[in-house]
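Engineer: Encoded as structure tokens, here's the structure I'll be asking about.
Just so you know, all these numbers are worked out from the coordinates, no wet-lab data involved. These numbers were taken from a predicted model, which means no experiment stands behind them. Glycine gets a Cβ as well: all are built from the backbone with ideal geometry, and neighbour counts include every protein chain shown.
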């Protein structure tokens with residue numbers, strides 16, 4: 001009975017979370033001034049919902065954490081026609097080549113097309129279709145980037161697919177190169193004044209292309225993609241929540257794998273280096289977010305990357321509020337203060353990241369005190385950090401979804417006229433962008449999305465604690481600080497959505 005209750009609860013959480021992706025709210029939607037009840041009732045109501053979920057999860061979630069193979073999955077490669085499609089090399093290249101063309105098109109249109117962002121293919125494709133759209137796809141479908149990464153495809157096209165590099169990658173670096181490049185990417189997205197300028201964006205793409213190809217040449221394709229390529233790391237983390245997995249059954253391949261894929265208690269899941277060498281693999285459908293419970297050894301650099309994912313999207317919401325500029329005492333519209341705004345926001349981005357690290361580690365230390373855990377606080381922090389990913393995910397989607405739904409329609413026009421020269425290649429130049437959204441429906445949906453994401457995070461943290469701490473009673477005690485942290489995140493997230501913004 002307890003197992004059925006747990007599955008029912010998990011199913012409800014996942015269904016409600018997935019259901020919301022089609023409607024979640026916006027990037028810069030504007031001031032939230034016409035709510036039917038005071039905004040603070042939403043904040044504390046959301047926090048209360050997280051508390052209730054903690055109580056329900058504590059009562060009904062089972063007392064063990066057997067998740068390695070203890071979940072339902074279905075291998076879709078058992079279907080003969082799916083297996084034929086999977087092994088069809090022509091189809092594979094038909095999937096992998098178009099992203100390379102889009103990469104070149106983005107550089108060409110940025111450099112040589114109209115410099116009005118709304119008339120140029122590059123800004124809309126990069127910031128809306130690729131960055132926001134691909135994030136959604138990786139949660140709903142799986143690690144598509146591992147298949148369509150254009151820099152990886154280019155490297156393979158020139159005959160270097162099996163190139164092992166010139167130098168041995170220093171393992172002590174971990175994913176810090178990816179962290180540094182991702183921080184730079186976030187800075188360009190959120191703070192760099194010319195992030196929407198087509199020519200500037202094209203030059204960034206061109207410069208990053210050199211870094212990506214050089215990294216693969218120096219250290220080998222698979223090594224650089226695992227440790228140095230920020231988007232491979234980012235999308236890999238997001239795809240841990242996806243309802244699909246690639247599983248290699250022959251564990252002898254993992255013994256020679258340079259990516260340490262066999263370290264998770266004898267599982268080789270979503271290691272594409274091993275999958276490429278294996279004669280037989282499984283392509284499984286699995287429960288949503290179960291991948292967050294499979295990763296057993298997160299390193300400090302990976303934990304820092306996850307916290308950066310969460311802190312950066314939170315900072316994006318913060319710097320759009322009037323409260324932020326009142327706090328720093330600057331006018332974002334005053335030309336004379338733009339340099340100061342740039343400097344303060346740069347420090348703010350790094351400062352908010354450090355603040356999130358500090359808050360997270362402080363609450364993990366409380367977990368140690370409440371539970372009587374004998375290990376180090378650092379080890380406990382690395383164990384629980386994956387429970388932050390659902391929060392980063394829902395912040396990303398709540399913040400950007402109507403940005404994708406509304407601004408994303410512009411790509412229909414731009415496909416016919418990518419350079420802004422007045423062309424009409426596909427007859428879509430006169431497409432009318434639909435911009436009408438029910439503000440209250442969007443707001444209510446944002447609230448539900450964020451609350452459900454935090455509920456899922458509470459569930460994941462509880463399951464992780466069961467595997468680490470063992471005793472159910474100890475687990476309940478240990479989760480009080482985590483529950484408080486999730487409530488704080490919920491209230492802050494809803495405040496960021498409801499407070500007046502620059503639009």
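Engineer: Would you mind ranking 271, 254 so that the residue whose beta carbon has the fewest other beta carbons within 10 Å leads the list?
Structural biologist: 254, 271
Engineer: Hey, how much of the P(r) for region 254-365 falls beyond 19 Å, as a percent of Cα pairs?
Structural biologist: 63 percent
Engineer: Residue 209 versus residue 433, label points 7 Å from Cα toward the beta carbon: distance in nm?
Structural biologist: Each label point is offset 7 Å from its Cα along the Cβ direction, giving 2.6 nm.
Engineer: Please arrange 95, 413, 328 by how many other C-beta atoms lie within 10 Å of their C-beta, fewest to most.
Structural biologist: If I rank by nearby Cβ atoms, fewest first, I get 95, 328, 413.
Engineer: In whole Å, largest first, what are the principal axis extents of the Cα atoms in region 58-190?
Structural biologist: 59, 41, 40
Engineer: What would the Debye formula give as log10 I(q)/I(0) at q = 0.09, 0.12, 0.13, 0.18 Å⁻¹ for the alpha-carbon point model of region 162-305, no solvent?
Structural biologist: Debye intensities relative to I(0), on a log10 scale: -0.33, -0.57, -0.67, -1.14.
Engineer: Expressed in nm to one decimal, what extension gain is obtained for the pair residue 250 and residue 76 from 0.36 nm per residue of sequence separation less their Cα-Cα distance?
Structural biologist: Additional length available on full extension: 60.8 nm.
Engineer: Can I ask one more? Gap in Å between the Cα centre of region 93-158 and the Cα centre of region 395-412?
Structural biologist: 16 Å
Engineer: Using a 10 Å cut-off on Cβ atoms, rank the peptides 370-376, 242-248 from the highest mean neighbour count down.
Structural biologist: 242-248, 370-376
Engineer: Calculate the spin-label point distance for residue 359 paired with residue 87, positioning each point 7 Å from the Cα along the beta-carbon direction, and give it in nanometres.
Structural biologist: 5.2 nm
Engineer: Further question: Please compute the contact order of the chain in relative form: average sequence separation of alpha-carbon pairs under 8 Å and at least six residues apart, divided by the residue count, as a percent.
Structural biologist: Result for the chain is 29 percent.
Engineer: Give the residues of region 93-107 whose amide nitrogen is closer than 13 Å to a point set 7 Å from the Cα of residue 147 in the direction of its Cβ.
Structural biologist: 93-99
Engineer: Further, regarding this structure: Please order 87, 429 by the number of other Cβ within 10 Å, starting at the fewest.
Structural biologist: Ascending number of Cβ neighbours within 10 Å: 87, 429.
Engineer: For region 320-366, count the residues as N, evaluate 2.2 N^0.38 Å, and divide the Cα radius of gyration by that value, please.
Structural biologist: Here the Cα radius of gyration is 1.47 times the empirical estimate.
Engineer: At a 10 angstrom cut-off on C-beta neighbours, averaged per residue, how do the peptides 380-388, 107-115 rank from highest to lowest?
Structural biologist: Sorting 380-388, 107-115 by mean packing, highest first, produces 380-388, 107-115.
Engineer: Rg and Dmax of region 354-503, using alpha carbons, in Å: what are they?
Structural biologist: That works out to 21.7, 68 Å for Rg and Dmax.
Engineer: In Å and from the alpha-carbon atoms only, list the Rg and Dmax of the chain.
Structural biologist: 23.0, 68
Engineer: Taking 0.36 nm per residue of sequence separation and subtracting the Cα-Cα distance, how much length would be gained by fully extending the chain between residue 160 and residue 173, in nm to one decimal?
Structural biologist: 2.3 nm
Engineer: Order the peptides 166-174, 460-468 from the highest to the lowest mean number of other Cβ atoms within 10 Å of their residues.
Structural biologist: So the peptides 166-174, 460-468, ranked by packing, come out 460-468, 166-174.
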